[in-house]
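Take a look at the structure set out below.
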Amino acid sequence: MVKVAMTPTEIFVREVKDTRERKHWTQEDLAQRLKKLGLPIDRSTVAKIESGKRGVSLDEALGFAVALGVSPGMLTLPRDSHTKVRVAPSVSVTGWSALLWWRGAAPY
């Protein structure tokens, strides 16, 4: 079975929710942390983001990383090496290759 490559947005949606749940935080807990950082994102908006119904700006993505206490790469790249990442409409790479590219250690 061929696995379809995930976009960084799809990975972000999954990782925000998974990271929040690993910390045993509610969506409201995360929303409050975001508000303390100056990002006016309420619980219902967190829910929309986690379900993929609302996108995020780069500024918001970095705010989520700060609020969750993780690096931006942890929210936009897979945590495993076998997940394919679609880095452009016609370019997919392994999670490991994407991580090396993100760190500036290799071309995509």
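The values are calculated or read from the model by the stated rules, or taken from the named source; none is laboratory data. None of the values given here were measured: they were computed from a predicted structure. Virtual Cβ from ideal backbone geometry, glycine too; neighbours counted across all protein chains shown. Keep in mind that these areas ignore ligands, DNA and RNA; they rest on the heavy atoms of the full protein, side chains included. Shrake-Rupley method; radii C 1.70, N 1.55, O 1.52, S 1.80 Å.
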Exercise for review: From the list GLU28, GLU60, pick out the single residue that is assigned to a helix (DSSP H, G or I), at pLDDT 95 or above and under 14 Å from LEU75 (Cβ atoms).
Suggested key: GLU60
Review point. On the given criteria, is ALA65 open to solvent by less than 20 Å² (accessible area, probe 1.4 Å) and without any contact (Cβ under 8 Å) to a residue 12 or more places away in the chain?
Key: yes
**Study point:** Flag if LEU58 is at negative phi and open to solvent by less than 60 Å² (accessible area, probe 1.4 Å)
**Key:** no
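Check THR94, THR76, THR26, THR83 and return the single one that is surrounded by 14 or more Cβ atoms within 10 Å (Cβ to Cβ) and more than 16 Å from the chain's Cα centre (by Cα).
THR94 is the lone residue from the list that is surrounded by 14 or more Cβ atoms within 10 Å (Cβ to Cβ) and more than 16 Å from the chain's Cα centre (by Cα).
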Review point. Out of (1) under 16 Å from PRO8 (Cβ atoms); (2) of a type outside the set (A, V, I, L, M); (3) assigned to a helix (DSSP H, G or I), what's the single condition that is false for SER44?
Key: (1)
